[in-house]
Amino acid sequence: MTGNAIERLPGELVARAARLATSTLANALDDAGLHHNVMATIKAVAPGMRFAGPAVTVREVTGDYGSFTSADFRVGAMIDAAAPGDVIVVDMGGAACSTWGGMASLAAKVKGVAGLLVDGGVRDLEEMIAFEFPVFARHLVPTTGRTRLKVAAIDEPVTVDGVAVAPGDIVAADGTGIVVLPAARAEEITTLAEAFARDDAAAIAEMDKGLSFSDAMAMFKKI
């Protein structure tokens, strides 16, 4: 099942969010009363991976080997639903079988998809690295998802790592973690985070001149 078409935020706003560290965005989420929009346990499958973009959401159901047909393993439909710059976000309930691998990473990379976030399993790490496609997942596991999972819905609200994600929300991820900016408040949160980033840069400049860290923390409240 596929939901309504995503209403994507302006590319310039997404680009602004992409330039910011998730730590800085999390500070802004705190001030916006959205501290729960930080994912605590899903991480990059390899160092140096990062992305930011509008969410294309996918919900999957899982079971034992043979529970579903190969036709239910609709990874191609997930990629088809994404536009260049999008992030594919998959809620598979934390299951330890793979919904994604190396060839899917290549296909998504060629299409211009920004990255993948999975509350569940992926495989073919070496190919993901070789194709330079950023993936964040709960599990790295060799076990195929074919006949173990079914794509139940695309472009409907999901919950990933305890965080609600709606189609079109900005999902940003880096080596520290993952944050979700609700589309309706993404401009506000990004603007707040940009101010904090300027404070970070100013604090670094002052410490380079000899300011102590204690004094820097007193001068800049969010570093």
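The table below gives the values:
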{"quantity": "Relative exposure of S23, S67, judged by other C-beta atoms within 10 Å (fewest first)", "calculated": "S67, S23"}
{"quantity": "Cα centroid of the range 136-155 to Cα centroid of the range 111-133, whole Å", "calculated": "13 Å"}
{"quantity": "Cut-off of 10 Å, at most 12 other beta carbons, DSSP loop: longest stretch of the chain lacking such GluC sites (Glu not before Pro)", "calculated": "8-131"}
{"quantity": "Computed magnitude of the charge dipole of the range 11-182 (debye, nearest 20; Cβ of K, R +1, Cβ of D, E -1)", "calculated": "260 debye"}
{"quantity": "Most positive-pole-ward Cα, A46, L20, G115, against dipole of the range 19-130 from beta carbon charges", "calculated": "L20"}
{"quantity": "Positive-pole candidate from S212, G94, T191, dipole of the chain, charges at beta carbon", "calculated": "G94"}
{"quantity": "Net charge over other residues, Cβ less than 11 angstrom from the Cβ of E156 (K, R count +1; D, E count -1)", "calculated": "-1"}
{"quantity": "Exposure proxy ranking, count of Cβ atoms within 10 Å, fewest first, for V75, V56", "calculated": "V75, V56"}
{"quantity": "Shape box of the chain [Cα atoms, principal axes, largest first, Å]", "calculated": "63, 34, 29"}
{"quantity": "Ranked list, fewest to most other Cβ atoms within 10 Å of each Cβ, for K111, K150, K209", "calculated": "K209, K111, K150"}
{"quantity": "Cα shape, the range 105-206, gyration tensor, a/c 1.5 rule", "calculated": "prolate"}
{"quantity": "The range 1-55-the range 165-223 distance, computed between alpha-carbon centres (Å)", "calculated": "13 Å"}
{"quantity": "Helix runs (DSSP H) in the chain reaching 18 Å along axis by Cα, Kyte-Doolittle at least -1.0", "calculated": "186-208"}
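Bear in mind that the values in this text are calculations on the coordinates, not laboratory data. In this text the structure is predicted, and so the values were computed from the model without any measurement. Note: ideal-geometry Cβ built from the backbone for every residue, glycine included; neighbour counts use all protein chains shown.
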